[in-house]
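Working notes, beginning with the structure itself.
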Amino acid sequence: MDQAAIERAIGEARLLPVLRTPDAGGAVRAASTLLDAGLGVVELTATTPGWADALRDVRRAYPDALLGAGTVTADADARRAIEAGADFLVSPYPAEDVRAFAAGTGTVFLEGGFTPGEVAAASGRGIAKLFPAHVGGPAYLRSVLAVLPGARIVPTGGIGLSEVRAYLDAGAYAVGVGSELVKSPDPAAAVRELLKELS
């Protein structure tokens, strides 16, 4: 899948699960549950111990899934992520080394930022990640998009499942959701219900 197709698939998914778990096994189980429930894309974070092994295991089990590596802030981790099977990289804040790696390898990179200037810079290169989104909420996203019409922004951080629709209505390209989805008593059911609501 080329860069344009990956970026398009992220937008079409509308929901980007961000999996931050205590260990690699938990990441694999969570990713498997969500992918089996109907999601086509998940992001595993580099803060999870053994994250590269987890990413490799998920890629092996789900060869057609769209897999991202999140919280990638150094080029060494960017390289490990791609070698493990990641389709795209995500950072929580501007990360020059990862940006250079992505540009040099033709890798999709969702660069993080919070201020309008940071988001403008990132969105000028591709999809921007707005983090931490909950600080400003959908109203902040709407204000940022007012001065950056057409920007593709994925708000992430502290977003509850009940807030996803509000962010999409505010103009989000897709919405990153994390802990609430994974900690749900029945994550698969939560995913199916949310996908139904968003359809």
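No lab work stands behind these numbers, since they all come straight from the coordinates. Remember, it's a predicted structure, so these values are computed and weren't measured experimentally. Neighbour counts are summed over all protein chains in view; Cβ atoms, including those assigned to glycine, are modelled from backbone coordinates with ideal geometry.
Taking a point 7 Å from the Cα of ASP64 along the Cα-to-Cβ direction, the residues of the stretch 8-52 with backbone N closer than 13 Å to it are 36, 38-41. Span-like helix check, the chain: no full DSSP H segment qualifies, none having both a Cα axial length of 20 Å or more and a mean Kyte-Doolittle of -1.0 or more. Between GLU197 and ALA74, the modelled labels are 3.9 nm apart [label points 7 Å from Cα along Cα→Cβ]. A Cβ-based charge dipole, computed about the Cα centre of the stretch 45-103 with Lys and Arg at +1 and Asp and Glu at -1, lands at about 100 debye. Under a model in which nothing but the beta-carbon of Lys, Arg (+1) and Asp, Glu (-1) is charged, the chain shows a dipole of about 180 debye around its Cα centre.
Considering only alpha-carbon pairs that sit under 8 angstrom and 6 or more positions apart, the relative contact order computed for the chain is 20 percent. The mean of 1/r over all distinct Cα pairs in the chain, once inverted, gives the Kirkwood hydrodynamic radius of 16.4 Å.
Taking springs between alpha-carbon atoms closer than 10 angstrom, which of PRO132, PRO92, PRO149 fluctuates most in the Gaussian network model of the chain? The residue that fluctuates most here is PRO149.
In the stretch 3-194, taking the dipole from charged Cβ atoms about the Cα centre, the farthest positive-side position among THR107, ILE127, VAL90 is held by ILE127. The length gained by stretching the chain between ALA100 and ALA146 to full extension, at 0.36 nm per residue less their Cα-Cα distance, is 13.7 nm.
For ASP169 and HIS134 in the same chain, what is the full-extension length gain: residue separation times 0.36 nm, less their Cα-Cα distance, in nm?
11.1 nm
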